[in-house]
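Peer 1: Got a structure for you, questions after.
Where a number appears in this text, it was derived from the coordinates with a stated rule and is not lab data. If you're wondering where the values come from, they're calculated on a predicted model, not measured in any experiment. For neighbour counting, all protein chains shown are included, and Cβ atoms are generated from backbone atoms with ideal geometry for every residue, glycine included.
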Amino acid sequence: MSTREVSHRSSYRQEETRAPYSPGWKVPEETGGVATVEQQLAEARFLVDFCRAIYGERDPKVVCAIAAQALYDYFGYRLAQFSFVDGELESVFFMPRRKGEGRGSCDVSPVELPLLKKRRFSLAGSGGDSGFDITVRFPMGLGQLRIVEVEQETREASAEFLQRIADCLAMALDTAIEHSRLQELSLRDPMTGLLNRRAFEDLLDIEEERRDSPPLSVLMIDIDDFKSVNDRFGHPAGDEVISSVGKAIVEALRGADLAARYGGEEFAVLLPATVVKDAYSVAERLRSRIAALAFDFCGERLEVTASLGVANRTVKEDCSVRELLGLADQALYEAKRRGKNRTLIQDPSAEKEGNVRHSRKGSHPSVSGTL
């Protein structure tokens, strides 16, 4: 077994190529290392189709999947590994899954595998090994592609061909990564880094389409008397308050919870698979975190509070997700009406009026309960 490595500088210039000598995969010696005309035509046709297929994709994982299938159709291999060095993309592996006889009847699918140790062979492998490995490094320090156990009886390939594959992949991945960044920015509120309203409502629609029906809770949060902050200290002070409240919300949430800046000084939180008791605990933790915030504007200390509304459904038949959001909003405005700095629960299956539990946090009276 032998290994081919093609390396690139960030300027896309060709570096030294270490050429293996292995049956069916070699830089042709009889032509002085230059590919034959027939081989050049085959490689050119492949590159045109290859680049056309991956350039139009805007998801890096889809780029890798299309590339993995195309490379398998051309070379044949046991495993393809795309590794990325900056942590922005996760390594991904692809393995052919045979549907019938022959290589052409295989689909290449992603698989979960640990990182492979780098192998260097000067002779064909023994035992379960067949073929040989190829490592192609992407330009711009993006990462590398390893093709493991390329079939012995495959086409020759020139070093330039492998470099062009790497260049095409790198450019397609770079474009897809940039698109993903822009898409992520379009879904985020720039002031808090939370999801924006459009993204949050898209998540509500996705949740509505789920076939299973675990308990679901929604929180609506509104900063109390926020207008007075802008009036007294100016909009930069108001922006600082919103940003700090957003950070406090993120720090108080659990891993699966999703928070959004819903508009102005209002926030929304989706709590998947959460019963009403746990949703209430999360809401109270959020309220306490916000009440603990303190600011100094123009030498004057400012403390802020928030009112919260909680809504929960135990089964999908109780109400739609959009209706659940509306119920949380109703509970929020009732909390405002009852004195602010409190959490109220609106349960679609509960009575209209319920017990109200009183508690006191520091100098701020708080009221929690069920509508």
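Peer 1: What distance in nm lies between label points placed 7 Å from Cα along the C-beta direction at Ser91 and Arg338?
Peer 2: 5.4 nm
Peer 1: Taking R0 as 22 Å, what's the FRET efficiency between Ala292 and Glu240 from their Cβ-Cβ distance, rounded to 0.05?
Peer 2: Taking R0 as 22 Å, the efficiency between Ala292 and Glu240 is 0.90.
Peer 1: Can you flag which of Lys277/Lys316; Lys247/Lys336; Lys61/Lys316; Lys316/Lys336; Lys247/Lys340; Lys61/Lys247 are past 24 Å Cα-Cα?
Peer 2: Lys61/Lys316; Lys316/Lys336; Lys61/Lys247
Peer 1: Follow-up. Report the FRET efficiency, 1/(1 + (r/R0)^6), for Glu251 and Asp225, where r is their Cβ-Cβ distance and R0 is 22 Å, rounded to 0.05.
Peer 2: Rounded to the nearest 0.05, the efficiency is 0.45.
Peer 1: Going by how many other beta carbons lie within 10 Å of each one, how would you line up Ser158, Ser186, fewest first?
Peer 2: Ser186, Ser158
Peer 1: Where does each of Val218, Val276 land when they are ranked from fewest to most other beta-carbon atoms within 10 angstrom?
Peer 2: Val276, Val218
Peer 1: Show me the chymotrypsin sites (Phe, Trp or Tyr not before Pro) within segment 190-276 that DSSP assigns to loop and that have at most 10 other Cβ atoms within 10 Å of their Cβ.
Peer 2: none
Peer 1: Ok, one more. Full extension from Leu182 to Arg197: what is 0.36 nm times the residue separation minus their Cα-Cα distance, to one decimal in nm?
Peer 2: 3.7 nm
Peer 1: For a quick check: sort Ile66, Ile290 by the number of other beta carbons within 10 angstrom, fewest at the front.
Peer 2: Ile66, Ile290
Peer 1: I need the P(r) histogram for segment 143-296: all alpha carbon pairs, bin width 5 Å from 0 out to the longest distance, whole percents.
Peer 2: 2, 7, 13, 14, 13, 10, 8, 7, 6, 6, 5, 4, 3, 1, 1, 0
Peer 1: Now for a separate question. What is the ratio of the Cα radius of gyration of segment 197-370 to 2.2 N^0.38 Å, where N is its residue count, to two decimals?
Peer 2: Compactness ratio reported: 1.02.
Peer 1: Separate question: Taking amide H atoms as placed 1.01 Å from N in the peptide plane, list the residues 5 or more away in sequence, or in a different chain, whose amide H sits under 5 Å from that of Val304.
Peer 2: When sequence neighbours closer than 5 places are left aside, the close amide H contacts are Leu293.
Peer 1: For Asp49 and Arg211, calculate 0.36 nm times their separation in residues minus their Cα-Cα distance, and state this gained length in nm to one decimal.
Peer 2: 54.4 nm
Peer 1: Also, I was wondering about something else. Of the trypsin sites (Lys or Arg not before Pro) in segment 219-265, which ones lie in a loop per DSSP and count no more than 11 other C-beta atoms within 10 Å?
Peer 2: Hits after loop and neighbour filter: Arg254.
Peer 1: Would you mind working out the magnitude of the charge dipole of segment 197-370 relative to its Cα centre, with +1 at each Lys and Arg C-beta and -1 at each Asp and Glu C-beta, to the nearest 20 Debye?
Peer 2: 560 debye
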